[in-house]
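Student: Dumping the structure here so I can ask a few things about it.
The values are calculated or read from the model by the stated rules, or taken from the named source; none is laboratory data. Quantities reported herein were computed from a predicted structural model and do not represent experimental measurements. Here the Cβ is made from the backbone with ideal geometry for all residues, glycine too, and neighbour counts use every protein chain on show. Accessible surface is based on the protein model in full, side chains and every heavy atom, while ligands, DNA and RNA are left aside. Shrake-Rupley method; radii C 1.70, N 1.55, O 1.52, S 1.80 Å.
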Amino acid sequence: MIRALLADDQNLVRAGFKSILQDEDDIEVVGEAPDGAQAVAKARELRPDVVLMDIRMPGVDGLEATGQIVADPRLDGVKVIILTTFDLDDYVYGALKAGASGFLVKDTEPAELIHAVRVVARGDALIAPSVTRRLIAEFAGRVKRPEPGPELNALTEREREVMVLVGSGLSNDEIAARLVLSPATAKTHVSRIMTKLRLRDRAQLVVLAYEAGMITPGWLTP
């Protein structure tokens, strides 16, 4: 059972998302929060698998709350999905860097919401890869790209190839098909890369791929 926490300052939004998710046999909404401070408190109390986090809330906003959740070692298994009204929100890139596992626009279709929660709960792929790639391409150019660190240099040629494909938004199955590997082998490569680079999840791996210059904003896999 996937345990979800809803954090949004609008009651109607929370009610709508709860109604959609509660209809699924494998998802349970275990709590709600009207602001970031309560979202962090609820996450610590309830230990959900996924937090649906509105990025714009009074007091502690979604960006700060995401950072607090990600930084708390007790919440290591908690994944955060950022909710935003616009698909190119300046704050979303910062949230991905802070450790959010992806983002959704609030007017997303119910089926996409359900799929996103399931995907993030299993840590298998980014949400809406095409939109996420577009967002990161927009904002990655605004940051100064550091020189590759020793961890990045430690990657094998195959691992760097896999990292580029992850950065372009491909799932493990798609990477396996592209490189003629088994899905299990592709997943192992991704896991090893994240371990070597000390990354929390695939979202941070995508951000690093752009920032390290392994992918340029104009190079997007169809």
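Student: Here are Thr108, Thr84: which of them is open to solvent by less than 10 Å² (accessible area, probe 1.4 Å), under 18 Å from the mean Cα position of the chain (by Cα) and among the hydroxyl-bearing types (Ser, Thr, Tyr)?
Tutor: Thr84
Student: Quick one: is Ala140 modelled with pLDDT of 90 or more and open to solvent by less than 60 Å² (accessible area, probe 1.4 Å)?
Tutor: No, not satisfied.
Student: Additional query: Residues that are open to solvent by 10 Å² or more (accessible area, probe 1.4 Å), under 18 Å from the mean Cα position of the chain (by Cα) and basic (Lys, Arg): does the stretch 61-76 have at least one?
Tutor: The answer is no; no qualifying residue exists.
Student: Turning to a different aspect of this structure: Working only within the stretch 94-117, note down all residues that are in contact (Cβ under 8 Å) with a residue 40 or more places away in the chain, part of a loop (DSSP other than H, G, I, E, B) and farther than 13 Å from Val80 by Cα.
Tutor: Lys106
Student: Just for the stretch 12-41: of the residues that are charged (D, E, K, R) and out of contact with any strand residue (DSSP E or B) (no Cβ under 8 Å at 6 or more places or on another chain), which one is farthest from Val119 (Cα to Cα)?
Tutor: Filtering the stretch 12-41 for residues that are charged (D, E, K, R) and out of contact with any strand residue (DSSP E or B) (no Cβ under 8 Å at 6 or more places or on another chain), the one farthest from Val119 (Cα to Cα) comes out as Asp23.
Student: Restricting to strands (runs of 3 or more DSSP E) lying wholly in the stretch 1-59: which have 3 or more residues that are surrounded by 24 or more Cβ atoms within 10 Å (Cβ to Cβ) and in contact with a helix residue (DSSP H, G or I) (Cβ under 8 Å, 6 or more places away or on another chain)?
Tutor: 2-7, 50-54
Student: Taking the condition of being outside any helix (DSSP H, G or I), within 18 Å of the chain's Cα centre (by Cα) and surrounded by fewer than 17 Cβ atoms within 10 Å (Cβ to Cβ), how many residues in the stretch 153-195 meet it?
Tutor: 0
Student: Could I ask something else about it? Among the residues of the stretch 72-86, write down those that are at pLDDT 90 or above and outside any loop (DSSP other than H, G, I, E, B).
Tutor: Within the stretch 72-86, Pro73, Arg74, Leu75, Lys79, Val80, Ile81 meet the criteria.
Student: I'd like the full set of residues that are among the hydrophobic types (A, V, I, L, M, F, W, C) and within 12 Å of Leu75 (Cβ to Cβ), limited to the stretch 23-49.
Tutor: Ala39, Val40, Ala41, Ala43, Leu46
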